[in-house]
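What follows is calculated from the coordinates using simple rules that are stated; it is not laboratory data. Not measured: the values here are computed from a predicted model. Positions of Cβ are generated from backbone atoms using ideal geometry, with glycine treated the same way; all protein chains shown enter the neighbour counts.
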Amino acid sequence: MLCAGVLMVVLDGTIVMVALPAIQSDLGFSQSGLAWVVNSYGIAFAGLLLLAGRLGDLIGRRRMFVAGMVVFTAASLLCGVATGPQLLIAARFLQGAGGAMSSAVAIGMIVTLFPDPKERAKAIGAFSFVGAAGASIGLVLGGVLTEALTWHWIFFVNVPIGIAATVLAFRFLVADRGLGLSAGADMWGALAITSGLMLLVYTIVEAAGNGWASVRTLGLGAVALLLIAGFVWRQAKARTPLLPLRVFRSRQVSGANAIQLLMVGALFGFQLLIVLYLQHVLGYGAARSGLSMLPSAVVIGIITLGFSARINARFGERNVVIAGLVVLLAGLLFLTRVPADGNYFIDVLPALLALSGFGLAIPALTTLGMSGATAEDAGAVGGLFNTTQQVGGALGIAVLNTLSSGRAENLLAEGKSNAEALTGGYSLAFGIGAGLIAAAITLTVPVLRTPKRNTVVVAEGEADREREQAEPFVHLV
């Protein structure tokens, strides 16, 4: 039930991508403004994850999960009935807030529900599949619903599922009291980081029209960076920080988050642009373009559910991360030569299969990042990792889509056909995405280290207890 609820939240990060052309035509979005249908969700999700996790500790995790499902379901209904860009973007932001509330506490609830290490490993394996393959499944489902019904149904479908999840939560999830609100939560820190990230993405999206070196772009960018710097300062001073800065002292934690930021930025931007290429250049409908993404979801699912733990144990997490990144790099480099008269099986499918590199890299990278956390900071490090993933996706979409649109406009001005101009823009973005992956590989080699697979002693009161670390997913918890 927890995986179903979180899968719904993950799906909605990408389910709109295939429907974007229909939404743009129906509601009158500009090309640059269209990215906010995706980014308003991702930024709210990322900016509120840390606060939602802390509030779950204070008021109880089941209460927070249910509240998140209620907010998400109501926001989905608002998205479905939206009649203009402003309402849809606002409702998507509210959806992201509800998704953060539910997702932030789900992993902790799974740990509580499955105290047996073997059962817990299976449960977290299923949960990892939801996170790794959910984005691709969203593309498939979005295309089918948009073409079979209308784009409104990619949101309406959440309503009965959300209601069922809310009802089942009261039946199956054990109520927990929480620490109480008097224990404190850093509301000002949450406001600073959410505002800063929103403004940063807005600045990037609007940079193509305003100019990258314009006063407006530089001014807004400076304010965004000041807000983010204010969040960092706040975490150093707050009595109950959302993110204790001491976690960055670990090279594993800092390195894993930086690598994930680069990898996810390239991946999410790639997913959006490949869908736009299929629809705007190859002329695919919503359902066909969505189903075209199915091979990547299948491959990622097979790897994360069937092989990732054994591969990590056999070859070591750092080597697996490098291998996954190399596969992703090959796929993006392959796409840089995609033609305006391309063929799906020759020019697109090989790159989609290369997404299997994400299924290899993300479980191993998560294990490495968590291995650098102390028992005291494990919750904060887990929240940071989730936040980095969402921020990387939002920034990747903003940057790659903006640069792609700018390149296409320049090519149109030079007299190129619409298909040639769009393809040129997409090729540029794929090349930049490949550069991000190359940077991630360069960072992985010197920074990350595969943890030793032996028992470690964890002090708890006056007694010491040993935890077996041979199973990566158990180690992640």
query: Got the relative contact order for region 186-241 handy, in percent, Cα pairs under 8 Å and 6 or more residues apart?
result: 50 percent
message: Taking θ = phi - 60°, what integer Hz values does the Karplus form 6.51 cos²θ - 1.76 cosθ + 1.60 yield along region 387-403, in sequence order, with x for Gly and Pro?
response: 5, 4, 4, 5, 5, x, x, 5, 5, x, 4, 4, 5, 5, 5, 5, 5
message: So, R0 is 41 Å and r is the distance between the beta-carbons of residue 353 and residue 239; what FRET efficiency does that work out to, to 0.05?
response: 0.25
query: Working out 0.36 nm times the residue gap between residue 218 and residue 302, then minus their Cα-Cα distance, what length gain in nm do you get to one decimal?
result: 25.7 nm
message: What are the ³J(HN,Hα) couplings of region 6-21, residue after residue, when phi is run through the Karplus curve with 6.51, -1.76, 1.60 and θ = phi - 60°? Round to Hz, x for glycine and proline.
response: 6, 4, 4, 5, 5, 4, 6, x, 10, 4, 7, 4, 5, 8, 4, x
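Determine, for each peptide in 35-46, 424-435, 276-287, the mean count of other beta carbons within 10 angstrom over its residues, then list the peptides with the highest first.
For the peptides 35-46, 424-435, 276-287, the packing ranking is 35-46, 424-435, 276-287.
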task: Measure off 7 Å from each Cα along the Cα-to-Cβ vector at residue 343 and residue 225, then give the distance between these two points in nanometres to one decimal.
output: 4.8 nm
field: Gain on full stretching of the segment that runs from residue 443 to residue 163 - 0.36 nm per residue minus C-alpha separation
entry: 96.4 nm
task: Between residue 116 and residue 25, with labels modelled 7 Å along Cα→Cβ, what's the label distance in nm to one decimal, could you check?
output: 5.3 nm
query: For the pair residue 150 and residue 210, how long in nm is the line joining their label points, each one 7 Å along Cα→Cβ?
result: 3.4 nm
